[in-house]
Amino acid sequence: GLQHNRIHEIRADTFVQLMALRSMQVFWNFIQFIHPEAFVTLHSLTKLDLTDNQLVTLPLDGLAGLTHLKLQGNPALSEPFTKESFPKMRVLEVPYAYQCCAYGSCSSFFKVSSQWEAGDTSPEEEDPHKRTMELFPGHADNHYDLDADDLQLDLEESKLHPTIQCTPSPGPFKPCDHLFESWIIRLGVWAIVLVSVLCNGLVILAVFASPSYLSPVKFIIGSIAGANMLTGISCSMMALVDALTYGHFARYGARWETGAGCRVTGFLSVFASQAAIFLLTLAAVQCSISASCVRGYGKSPSLGKVKAAACCCLLLSSVAAVLPLFSVGEYGASPLCLPYPIPDGKPATLGFTVALVMTNMLCFLTITGTYIRLYCNLLKGEFGAVWDCAMVKHVAWLIFTNCLLYCPVAFLTFSSTLNLFLITPEVIKSVLLVVLPLPACLNPLLYLLFNPHFRDDFRLLRQKGQDKGSFPQPCAADDMEKSSYDSTQALVSFSDIDHMFETPDSLGVCPILDSYSFPSMTLIPCQQ
């Protein structure tokens, strides 16, 4: 027993004279290096406990006779083990569940505590009847005796193929073969990736590249599309990992969880989802405040103030996404790289998850109350004349779909925290992979299919492209001087400019154009 010391390494001659040593406990040390021949002379060693050290590799020479091995608490030790490495193994505790995939099913007739604390009696010296009851406890309740020949065959088979208790056990959140264990989930994630990236790209192009007027609420809609595109990118990284490790995920699962790729994926996912929710809250508040300011003071908040508020939303989202990188929450708790509760997960991650969900629920309550107040204050007859009806309806649809799709995530979080309902890990995994990023592809579809602003912006963009194709070279000033004037001159009077800009009086815009008299101008068309 050498536990709770400050041992940093085990050399080749450390245990060279302990030929009869059968059990060694060196847990809670600082062991970083073990010589490849450190255990070669320990022919009698059957139990080895290296829990909570700093091991990177484990030499296997001399460990073929082990029946009990504990390696938990060594996060850098991610190498897989095979059955041939420990042919007599009965109890195995490893840092990662993926290292148990080589031993098949993790259910066992043995219990870890009883096996480790058992005496040094070898399996051959145990009482045959006791050995039989341990191997086949179901036969203890039977009302008949086992046939002698069948019993002998079962005992011989159990010696040839001993049942191994390996922990932690793999499962839906620690898969052995595929990251996405269902083709429905796999196809759903790829559909979300394609729709979110392409459709949000169209929305961003139509909002920011169109020559039309960029209103504050339209700017927020474009910003939400950018956040949703980041969600699609984070889902694409998960889909690529599933495709590249198809059929043998256990080889790379531990390295993926602890690597930088998982942290980047988790950061993008949390940042994008929080930014979308915060920006949606800003859109609802901006619509309500603008309507109130226009009716009360004759002007609405400027685009600069809305941009400043959007930057604050992005800053808050960055803070929420950075916290798990500093041990407030955890991205590497599962290969999904999400700081949401998983079965048998660490309790330390629940605090961050509950705080995140409570913040989002508060945002949705604020959005709902703000929009109810907006609809109550605006009269139905004044709605079309006072406000942008299309954008108000679009934000309302965004609120409805995002609230509806976030309810399963909030339900899973609180049920996992309070243990209210028994939900299978497969259902939790499906919700986190498909339902959580689903608003990223529904939000742009609502804008592309039902918002008239997109059709107007798309038409203007197309006309702009056609104009550039028709006039590839602009007319220069010296070319105009050299060319003869066209006989046709257009006299355009701007006295009726107020009819061109039909601004409702209810918007409160000062009638500057009416008070200013525009002189007549002569336009000289540019000749090609």
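The values are calculated or read from the model by the stated rules, or taken from the named source; none is laboratory data. Since the structure is predicted, the reported quantities are computational estimates derived from the model, not experimental observations. Virtual Cβ from ideal backbone geometry, glycine too; neighbours counted across all protein chains shown. Side chains are part of the model used for accessible areas, which takes the heavy atoms of the whole protein and leaves out ligands, DNA and RNA. Shrake-Rupley method; radii C 1.70, N 1.55, O 1.52, S 1.80 Å.
Numerical summary
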read-out	value
The lone exception for residue 83 - which of (1) more than 27 Å from residue 249 (Cβ to Cβ); (2) in contact with a Phe, Trp or Tyr (Cβ under 7 Å, 6 or more places away or on another chain); (3) modelled with pLDDT under 95 it fails	(1)
Residues (in contact (Cβ under 8 Å) with a residue 24 or more places away in the chain, open to solvent by 60 Å² or more (accessible area, probe 1.4 Å) and part of a loop (DSSP other than H, G, I, E, B)) located in segment 4-16	4, 5, 6, 8, 11, 14, 16
Answer residue from segment 232-271, given it is of a type in the set (Ser, Thr, Tyr) and closer than 24 Å to residue 103 by Cα and is most open to solvent (accessible area, probe 1.4 Å) among those	246
Count - residues of segment 406-416 that are open to solvent by 30 Å² or more (accessible area, probe 1.4 Å) and either hydrophobic (A, V, I, L, M, F, W, C) or at pLDDT 90 or above (or both)	4
Residue within segment 373-393 that is modelled with pLDDT of 85 or more, of a type in the set (Phe, Trp, Tyr) and either assigned to a helix (DSSP H, G or I) or touching a Cys at 6+ places or on another chain (Cβ under 7 Å) (or both) present	no
Hits in segment 450-482 - residues which are part of a helix (DSSP H, G or I), open to solvent by less than 80 Å² (accessible area, probe 1.4 Å), modelled with pLDDT of 85 or more and not charged (D, E, K, R)	452, 453, 454, 460, 461
